[in-house]
Amino acid sequence: MFEGAYTTLGTHSRLLPQVVRAQLNQYLPDVLPEIQFKVALQIHREIPFNAITECFAKSDWTVINVTELMAVLVARVSSRMFGGPALSQNREWIEASLRFAHDGFNAAQKLKMWPDTLKFIGQHFIPEVRSIKNTYKIAERAIIPLLDEREVDKSKKAHDLLTWMYDQAQGAEKDKKFIAGTLLKVSFAAYHTSAAAPTQLLFDIAAMPEHIAPLLGEYLSAPRDNNQNISVKGFAQMVKLDSIMKESQRFNPLLLLTFERIIKRDFTLSDGVVIPANTWIGCAAQAIGMDRKLYPDPDTFDAFRFVAKEEATATSTSVPATKAHYTSANPGSMAFGYGQHACPGRFFAMMEIKAIIGEILSRFEMRLADGEMRPPSVTFETQHLPHPAGKVLFKRRRCT
Ligand code: HEM
């Protein structure tokens, strides 16, 4: 789909999924305070209200392009988890890693216009392919000095993806250029996906502001430690936010098709249907989410439908309550894929999104402009993207 031979999107290395699945998920409690600090700091920096104008702007509604805001916010916050404060503050890295995904998509589209046998020539006529090569150099410039520094001074080792990947890498994967390139590829897996979800959710909330009060109440009453941080358990207890995230994703999943696989040899299903070797398969994630057998009244946006379901199934043995969680990956809920390759970063993504939405709701009121509809998604091939020009009006809740 992404013409990986030329765009480099896609890899056979298992290092990244293994590290995300094992170390990131194990160390989430250590990563979370850093993430919450970065969310708060970055919202302050990215949303144009400074310490003085905040008060003057109190009564003014300001137009915010939420799609652009979330792209930068998620890139900065996720980079903190990738490589610590230095990487998240490295502007060249942030810009290059954001550009990497755009170049990859655009290059893939242009390459598709060339016959397979001529693509190796065609790549030289595509500026985005050249830009991708340059982006790898920028990634190496940003990341290799961090690895060098950590080798010399062991106290600089941090709980981040860079450390875990380097520690776990074996053989050729220990090459620092390889590690830098792999971190660039994580940005592709993590930014675009994790930014789309809160963008769509803010569009939904702005269009249905009656949900703000219960969500805000839940966020503000979450238990906090002495540094005002919410724990993994605290985020898990935000069941209303979890539910509306899942409902928003049910209506507007980033990918219409997930669980994409190539069948290597003839495969017989339990009903006798044979899938021939070399068939490319995928599951219609969005259509499954609209199946009325699984979701009663599927066309109604029922923000808290999963809260009710969780409570209702707590005493039932038919549908485990865990299936109603944002992060659950099961045949009725395929936004994160399914099976042993289901997205391992979804637990981090869930907490990152909750921190972002909670923090924004606690600082701003929001609504759509008069007469405006919720920004519609833009569908391209199997992608279902938030509208690139989608705007929401923000207003400060209080002067600080
Ligand atoms: C809302 C945010 C996210 C969504 C919707 C999402 C979605 C997906 C999907 C659909 C897959 C393919 C699963 C399959 O084929 O069965 C996947 C795989 C993957 N995702 Fe995510 N993802 C998100 C966030 C993240 C984050 C934050 C990270 C990294 C920290 C990440 C890392 C990965 C990796 C490494 C894989 C490959 C897993 C493997 O091959 O075993 N994702 N993701």
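The values are calculated or read from the model by the stated rules, or taken from the named source; none is laboratory data. Owing to the predicted nature of the structure, the values given are computational and were not obtained by experimental measurement. Because the Cβ atoms are built from the backbone with ideal geometry, glycine has one as well, and the counts that use them run over all protein chains shown. The protein model used for the area step is the full one, side chains on, heavy atoms only, and it has no ligands, DNA or RNA in it. Shrake-Rupley method; radii C 1.70, N 1.55, O 1.52, S 1.80 Å.
Among the criteria (1) modelled with pLDDT of 95 or more; (2) assigned to a loop (DSSP other than H, G, I, E, B), the one residue 158 does not fulfil is (1). In the condition set (1) open to solvent by 50 Å² or more (accessible area, probe 1.4 Å); (2) at pLDDT 95 or above, residue 309 is compliant with all but (2). Against the numbered list (1) touching a residue at least 60 places away in the same chain (Cβ under 8 Å); (2) of a type in the set (Ser, Thr, Tyr); (3) farther than 16 Å from residue 330 by Cα, residue 248 comes up short only at (1).
Among the residues making up the stretch 1-51, none is closer than 23 Å to residue 364 by Cβ, within 12 Å of the ligand (Cβ to nearest atom) and either without any contact (Cβ under 8 Å) to a residue 60 or more places away in the chain or not hydrophobic (A, V, I, L, M, F, W, C) (or both). Could you tell me whether residue 303 is modelled with pLDDT of 95 or more and under 23 Å from the mean Cα position of the chain (by Cα)? Against the criterion (modelled with pLDDT of 95 or more and under 23 Å from the mean Cα position of the chain (by Cα)), residue 303 qualifies. With a requirement of 2 or more residues that are within 19 Å of residue 178 (Cα to Cα) and open to solvent by less than 10 Å² (accessible area, probe 1.4 Å), the helices (runs of 4 or more DSSP H) lying completely within the stretch 62-150 that satisfy it span 66-88, 91-111.
Annotation: residue 54 fulfils all but one of (1) at pLDDT below 95; (2) crowded, with 21+ Cβ neighbours inside 10 Å; the unmet one is (2).
Scanning the stretch 5-21 for residues that are open to solvent by less than 10 Å² (accessible area, probe 1.4 Å) and either of a type in the set (A, V, I, L, M, F, W, C) or not in a helix (DSSP H, G or I) (or both) turns up 15, 19. One residue stands out among those in the stretch 263-311 that are of a type in the set (Val, Ile, Thr) and in contact with a Pro (Cβ under 8 Å, 6 or more places away or on another chain): the one that is nearest to residue 253 (Cα to Cα), which is 288. Would you check if residue 197 is more than 30 Å from residue 275 (Cβ to Cβ) and either open to solvent by 50 Å² or more (accessible area, probe 1.4 Å) or among the hydroxyl-bearing types (Ser, Thr, Tyr) (or both)? No; evaluated as a whole, the condition is false for this residue. The single condition among (1) in contact (Cβ under 8 Å) with a residue 60 or more places away in the chain; (2) under 13 Å from residue 204 (Cβ atoms) that residue 347 does not satisfy is (2). Within the stretch 321-342, the residues that satisfy the criterion of being open to solvent by 10 Å² or more (accessible area, probe 1.4 Å) and without any contact (Cβ under 8 Å) to a residue 40 or more places away in the chain are 321, 322, 323, 327, 328, 329, 330, 340. Looking at the stretch 350-394, the strands (runs of 3 or more DSSP E) lying wholly inside it that each contain 2 or more residues that are open to solvent by 40 Å² or more (accessible area, probe 1.4 Å) and in contact with a helix residue (DSSP H, G or I) (Cβ under 8 Å, 6 or more places away or on another chain) sit at 364-367.
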